[in-house]
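Comments concern the structure below.
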Ligand code: 13P
């Protein structure tokens, strides 16, 4: 099994991105692993704090270990962790990476807490992702249009300062990306990404991959993004397939779920191909 760090190094060198696919149901998890295996591509299994609290941190680790027998290059990331004790618990249980979302804190507080988590994680061989300005939206289908004026963009000098002070492994950046799907496609500020890629000394990651212009995603990968998070589009694929299967007469879960798994797997494979 490759380490997650070596996957990121490989992605940076060869200009591709690793997909982080979030899950909160076992069928989604299975679909993500099967897509990774079928395409022989490392995949990150993401659980936000809410998803992890529902699914169970320990259960996620046990299932990751089980699925590593089927496909070894799968990695667990605690996405948008805000509670330091919960983040430490994920690390103790064996998560490969944790995302400390300090976007709601002052820069000073964010640096202080991120530093503490980085020291804790690195001693236990886990990676840490940081965030300076909270990334907007939520992983749902939003009713209206996204207005660019509602977004906050990354400050290059602040990002440099944050990375230097914390020794963080990766940074979730704000370049016009937002969580969820809107009526209009999301456009990225590639010029800002180019500056960040040149000046900020860590891996750069992109949240809010759903509903983003695909040519912008490709440009982002060319310009240093090594990880892209996808959640909303998988939730949509899961729900549409489940709704369709539940209309059938059967009451047998083993007749309902295969098509649901297949639909989510197809969506993950589509993203993996795009990220290459
Ligand atoms: P989307 O829901 O827009 O795919 O974003 C997912 C994400 O960034 C999780 O952190």
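FYI, it's all coordinate maths here, none of it is from the lab. The model shown is predicted, which means the values in this text are computed figures rather than measured ones. Using ideal geometry, Cβ is built from the backbone for each residue, glycine included, and neighbour counts are taken over all protein chains shown.
Put in order of Cβ neighbour count within 10 Å, fewest first, the listed residues 222, 2, 247 become 247, 2, 222.
By the equivalent-ellipsoid construction on the alpha carbon gyration tensor, segment 192-233 comes out with semi-axes of 19, 11, 7 Å, ordered largest to smallest. Over all distinct Cα pairs, what is the inverse of the mean 1/r for segment 70-116, reported as the Kirkwood hydrodynamic radius in Å? Hydrodynamic radius (Kirkwood, Cα pairs) of segment 70-116 is 11.6 Å.
Full extension from residue 167 to residue 247: what is 0.36 nm times the residue separation minus their Cα-Cα distance, to one decimal in nm? Residue separation times 0.36 nm, minus the Cα-Cα distance, leaves 23.6 nm. Helix 107-123 and the longest principal axis of the C-alpha atoms of the chain enclose an angle of approximately 60°. Placing one equal scatterer on every Cα of segment 1-79 and applying the Debye formula, the log10 ratio I(q)/I(0) at q = 0.10, 0.12, 0.14, 0.17 Å⁻¹ is -0.22, -0.31, -0.42, -0.62. Multiplying the residue separation of residue 83 and residue 215 by 0.36 nm and subtracting their alpha-carbon distance yields 44.0 nm.
Comparing 144, 152, 180 in a Gaussian network model of the chain where C-alpha atoms under 10 Å apart are linked, the largest mean-square fluctuation is found at 144. Of the Cα atoms belonging to segment 96-216, the radius of gyration and Dmax stand at 14.6, 45 Å.
The translational diffusion coefficient of segment 196-276, from Stokes-Einstein at 10 °C and 1.306 mPa s with a Kirkwood hydrodynamic radius over alpha carbon pairs, comes to 109 µm²/s. Among 18, 261, 230, the residue with the largest mean-square fluctuation in a Gaussian network model of the chain, with springs joining Cα atoms closer than 10 Å, is 261.
For the chain, the spread of Cα coordinates along the three principal axes comes to 59, 41, 33 Å, biggest extent given first. The C-alpha atoms of the chain define a longest principal axis, and helix 84-93 lies at about 60 degrees to it. In segment 167-222, Rg over Rh equals 0.97, where Rg is the alpha-carbon radius of gyration and Rh the Kirkwood radius from pairwise Cα distances.
Relative to its Kirkwood radius, the Cα radius of gyration of segment 77-150 gives an Rg/Rh of 1.07. Here residue 65 and residue 201 are evaluated by their C-beta separation; at R0 = 45 Å the FRET efficiency comes out at 0.85.
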